[in-house]
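Report on the following structure.
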Amino acid sequence: MKTQSCVEVKNEWGIVAARQAGRTLSKEIGFGTVDQARITTAISELARNIYLYADEGQILLEAVEKPFKMGIKKGITIISKDVGPGISDIRQVMMDGYTTSSGLGAGLPGVRRLMDEFEIESIVGEGTTISATKWLR
Ligand SMILES: Nc1ncnc2c1ncn2[C@@H]1O[C@H](COP(=O)(O)OP(=O)(O)OP(=O)(O)O)[C@@H](O)[C@H]1O
Ligand SMILES: [Mg+2]
């Protein structure tokens with residue numbers, strides 16, 4: 001079982017490949033079809049942002065586990081990494097409707113809603129790393 005994958009995103013095909021890798025891994029972990037769709041939608045939004053705003057980057061997917069009650073909880077972590085322009089005001093980009101392109105500004109707030117954990121680290125001029133995790137319940 002492949003528990004980790006890294007997809008290069010620099011064109012539309014990379015976005016498709018990242019989605020497919022996310023569907024395969026989330027299915028292997030045991031997510032149902034509705035959660036698989038939530039996870040692939042989140043991956044799409046992050047990959048689309050890489051392509052649009054940073055030109056290129058990577059989507060890393062990882063099966064994760066943490067202790068929970070008497071056993072373990074399984075989940076998936078999506079990491080989006082780029083060395084693009086970075087984000088100066090993270091609070092602003094997390095607001096519904098905020099966009100610097102012709103988008104809806106729904107991507108990042110959407111990803112936060114679709115996943116259980118969400119974190120952005122970004123330095124202007126250095127790039128952006130976004131990490132999002134969803135737990136199996
Ligand atoms: N990887 C990134 N690097 C630099 N800026 C980014 C990155 N991802 C998002 N942003 C900035 O955050 C803004 C909001 O992103 P978000 O995905 O929420 O909306 P959008 O891409 O503008 O529109 P939508 O995703 O709804 O089509 C973007 O307009 C862009 O300015
Ligand atoms: Mg977007």
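The values are calculated or read from the model by the stated rules, or taken from the named source; none is laboratory data. Remember, it's a predicted structure, so these values are computed and weren't measured experimentally. Positions of Cβ are backbone-derived with ideal geometry, glycine not excepted, and every protein chain shown enters the neighbour counts.
List of remarks:
- Checked against (1) more than 16 Å from ligand 2 (Cβ to nearest atom); (2) modelled with pLDDT of 95 or more, Ala42 passes all but condition (1).
- Residues (surrounded by fewer than 15 Cβ atoms within 10 Å (Cβ to Cβ), away from ligand 2 (no atom under 12 Å from the Cβ) and over 17 Å from Gln36 (Cα atoms)) located in segment 98-137: Glu119, Glu121, Ile123, Val124, Gly125, Glu126
- Residue within segment 85-104 that is in a strand (DSSP E or B) and acidic (Asp, Glu) present: no
- When residues of segment 65-84 are limited to those that are in a loop (DSSP other than H, G, I, E, B) and in contact with a strand residue (DSSP E or B) (Cβ under 9 Å, 6 or more places away or on another chain), the one farthest from ligand 1 (Cβ to nearest atom): Val83
- Complete set of residues in segment 88-105 that are at pLDDT 95 or above, near ligand 1 (Cβ under 6 Å from one of its atoms) and under 16 Å from the mean Cα position of the chain (by Cα): Val93
- Residue within segment 40-52 that is closer than 21 Å to Arg137 by Cα and away from ligand 1 (no atom under 16 Å from the Cβ) present: no
- Hits in segment 49-64 (condition: touching an Asp or Glu at 6+ places or on another chain (Cβ under 9 Å) and in a strand (DSSP E or B)): Gly57, Gln58, Ile59, Ala63
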